[in-house]
Each structure stands twice: as C-alpha cells, then as structure tokens.
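Okay, structure first, notes after.
The values are calculated or read from the model by the stated rules, or taken from the named source; none is laboratory data. Only a predicted model underlies this, so the values are computations on that prediction, with no experimental measurement involved. Because the Cβ atoms are built from the backbone with ideal geometry, glycine has one as well, and the counts that use them run over all protein chains shown. Protein only, heavy atoms only, side chains kept; ligands, DNA and RNA dropped before computing areas. Shrake-Rupley method; radii C 1.70, N 1.55, O 1.52, S 1.80 Å.
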Amino acid sequence: MKIFMDTADVGEIREAVSMGMVDGVTTNPSLIAKTGKPFNQVIEEICGIVDGPISAEAVSPDAEGMLKEARELSGIHKNVVVKIPMTTEGLKAVKICSAEGIKTNVTLVFQSLQGLLAAKAGAGYVSPFIGRLDDICQEGMDMVGDLLAMLRNYNYPTEVIVASIRHSIHVVQSALLGAHVVTLPFKVLDRLVNHPLTDSGIEKFLADYKKIPKP
Ligand code: G3P
C-alpha cells in the first residue's frame, strides 16, 4: 500500500520523507490556505521534495475552467496530478484531461458509484472521503470496499486513494481491503509509528543498561 501525505506543510512532508514513508502528496485549497503562501509556489516546493504524484486541486465550477487550470497546474511539474471534484462538469474535464495525458484525481467522492463513473471517465485516481462520512454516521469504509470490488470487476487501472482519514483503524481497514493508497495527515502517520509499550520498553532497557557494570 502506498502512503501519501495529506498536507501542504513542507516541514511535515520533509519529516515524513526522512522516515522513508512518502510515495506522494495530496493537497486541497484548505490545506494550502493554512500555509499562507501562494498556491503554485507551494505545489512547486512540494514537487522539489517528493518524487511522486502531487495532487493540486482545480476550483473552477465549469469544465472549461477546470481544464484551463488543469493545463496550467500540470505545467508546474511532470508529477502534478490535477484534483477534479466529482461533478458532471468534473467528469467532462476528466475525460478531456485523460485524452490530453493529464493525470487526474477525482475528489470529494462519497458514494462507490461516483468512483466507478470517475474511473470510466478516465481518472488516474479516485479519492473516497471516509472520515467525512463517518462524521455523519455513515460507515465510510463500506464505500471503499465496494469501490475496490467494482474497479477490480472491470479491470479499471484507476487507483483508490483513501482520503479524509482520521485514525489508525482507517489505515488498517484500507490495507486489509487492498486499497492502493492511503493519504495521511502527519498526526495520523505519527500515531501509526508510536506505541506506549515501545516507549516504556525503551525506557526499561535504558534503565537496565545503566545498571550493567562498566569494564
Ligand atoms: O484528502 C482529503 C482530505 O484533505 C480531507 O480531509 O479531514 O478535511 O475530511 P478532512
């Protein structure tokens, strides 16, 4: 399973890269706004740190506008993947991007069939948002299982990026379902690494090491 970082914070991305954990990065306008830096500058910086797919989101409501943005964003770096929202206009834009060789990540997917349609339009990736479904008392992971089964039934090459991940159990479930990618906020990655029994074990070994007589 590939791990993408779901952040626009280059400090967090560098830290995760140094741990050998980063296969790609996903951003959205909310994450980029938090950096306080210009949009394209952030995407360029991230492309300079990670040699993998970097998602940058188009915000136009219509296909024509999305396409214009997609062409500009994909010109920033060869690794840029254009995030397109799951709408009728979005599907039109994905179809043309696919024909032009611009890789897309269809975002804001909340229903397995939306993901299937995105794959049919030619999306490289689809991003089911599971945490936001859990937030409204729907089992987000059910959608991921259904979507993966549908894509496998018809041999679509589209990869599923499990997004809006809130905690470690989402990551375990994604791996068990065989999701292609999880995109993680840095704090979730940190929680995956750390365990209190590891910490107390290290402390005990260090305390005992100090008791060993020096030659
Ligand atoms: O990748 C999607 C993600 O950025 C949305 O996460 O936590 O805002 O639902 P969240």
Query raised in the report: For region 95-164, what is one quarter of the convex hull surface built on the Cα atoms, given in nm²?
Result: 4.1 nm²
Query raised in the report: Of all accessible surface on region 2-211 at a 1.4 Å probe, what whole percent is carbon and sulfur?
Result: 56 percent
**Report entry** Nearest-10 value in Å² for the accessible area of ASP146, using the 1.4 Å probe
**Finding:** 80 Å²
Query - Pair ARG166, GLU203: separation of 7 Å Cα→Cβ label points (nm) - result: 3.0 nm
Query raised in the report: How many nm is it between the label spots at CYS137 and LEU176, if each spot is 7 Å from the Cα in line with the beta carbon?
Result: 2.4 nm
Query raised in the report: Suppose every K and R has +1 on its Cβ and every D and E has -1 on its Cβ; what is the size of the dipole of the chain about the Cα centre, in Debye to the nearest 20?
Result: 420 debye
Report task. Return the calculated 222 nm mean residue ellipticity for the chain, to the nearest 500 deg cm²/dmol, obtained by summing -39500 (n - 2.57) across DSSP H runs with n ≥ 4 and dividing by the residue count. Result -> -16500 deg cm²/dmol
**Report entry** 10 Å-binned pair-distance histogram of the chain (Cα, whole percent)
**Finding:** 8, 32, 33, 15, 5, 4, 2, 0
Requested in this report: Express in nm, to one decimal, how much length is gained between GLU15 and PHE186 on full extension, taking 0.36 nm for each residue of separation and deducting their alpha carbon distance.
Outcome: 60.6 nm
Query raised in the report: Working out 0.36 nm times the residue gap between TYR154 and LYS95, then minus their Cα-Cα distance, what length gain in nm do you get to one decimal?
Result: 19.4 nm
Query - Mean separation of Cα contacts under 8 Å (6+ apart) over length of the chain, as relative contact order % - result: 17 percent
Report summary line: Rounded to two decimals, the Rg over Rh value of region 161-215 from Cα coordinates and the Kirkwood Rh reads 1.29
Report summary line: Expressed in angstrom, Rg and Dmax over the Cα atoms of region 56-133 are 11.4, 34
Report summary line: By the Cα gyration tensor axes a ≥ b ≥ c (a/c under 1.5 gives rounded; else a/b larger than b/c gives prolate, otherwise oblate), the shape of region 10-114 is prolate
Query raised in the report: In square angstrom, rounded to the nearest 10, how much accessible surface does ARG152 have for a 1.4 Å probe?
Result: 130 Å²
**Report entry** q = 0.13, 0.18, 0.20 Å⁻¹, region 87-215: log10 I(q)/I(0) [Debye, one scatterer per Cα]
**Finding:** -0.59, -0.93, -1.08
Query raised in the report: Under a 1.4 angstrom probe, counting protein chains only, how are ASP134, ASP142 ranked by accessible area, largest first?
Result: ASP142, ASP134
Query raised in the report: Given a 1.4 Å probe and the protein chains all in place, what does the accessible area of ASP6 round to, in Å² to the nearest 10?
Result: 30 Å²
Report summary line: Set LYS34/LYS83; LYS2/LYS187; LYS2/LYS92; LYS2/LYS78; LYS34/LYS92; LYS34/LYS95, cut-off 24 Å on Cα-Cα distance; pairs above it are LYS2/LYS92; LYS34/LYS92; LYS34/LYS95
